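Reviewing the structure listed below.
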Amino acid sequence: FEFSGKQFEVDLSGPDFERLGEKSRVIEERVRGLEGVVGVRSSLVAGQPELEVVIDEERAKDLELDVEEVGRVVELAVAGRRLTTLIDDGREVDVNVLVAQDHIGSDTDLASLRFLARDGRTVTLGSVADVRWTTGPKAIQRLERERGGAERVVDQCRAEGVVRQGVTKRAVGQ
């Protein structure tokens, strides 16, 4: 089997993975119908479960918190933070603070994470944010520092420029 077709990619980028997925599917449908196109494949692959934390600004304000403070609490719990550096036998050792993974492994656990508000009250993350499971990308590609993906298009023995021009018109809905 010998194939002499050409391949090229149409790059998509943006901050919202769901919207990228929707746009990717639309472009795939439009491009598949072009004469000479024998294959279209997206590099956007969903399926990685992830916890999503959506901070409710109004609820946070009611508890005299701002979104940035709540974001720092989530970051500390999930990623940890370097507290200090110690010298041990002549080498520097970072001392990091983070929440034990068995305390934040589920949406319920993370929502019940407690922290102190400025006035000293104990607040749970669930009282100022919605914590839920969602499906994210298996891998994140970056294009100019934004989430991105590519549609790989394979054409069959047609002039590459003609197919690219057709793909461009179809992709943008002309």
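Structure data summary
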read-out: Approximate spin-label separation Glu35-Asp88, in nm, with each point projected 7 Å along Cα-to-Cβ; value: 7.0 nm
read-out: Percent breakdown of C-alpha pair distances by 10 Å bin, ordered from the shortest bin, for segment 6-96; value: 12, 23, 20, 20, 16, 8, 1
read-out: Segment 79-127 - accessible surface per residue (Å², probe 1.4 Å); value: 73 Å²
read-out: Spin-label model distance (nm) - Val54 vs Val97, 7 Å beyond Cα toward Cβ; value: 3.0 nm
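The values are calculated or read from the model by the stated rules, or taken from the named source; none is laboratory data. It should be emphasised that the depicted structure is a prediction, and the values quoted were computed from it without experimental measurement. Glycine also receives a Cβ, built like all others from the backbone with ideal geometry; neighbour counts cover every protein chain displayed. Surface accessibility is based on the protein's heavy atoms, side chains included, excluding ligands, DNA and RNA. Shrake-Rupley method; radii C 1.70, N 1.55, O 1.52, S 1.80 Å.
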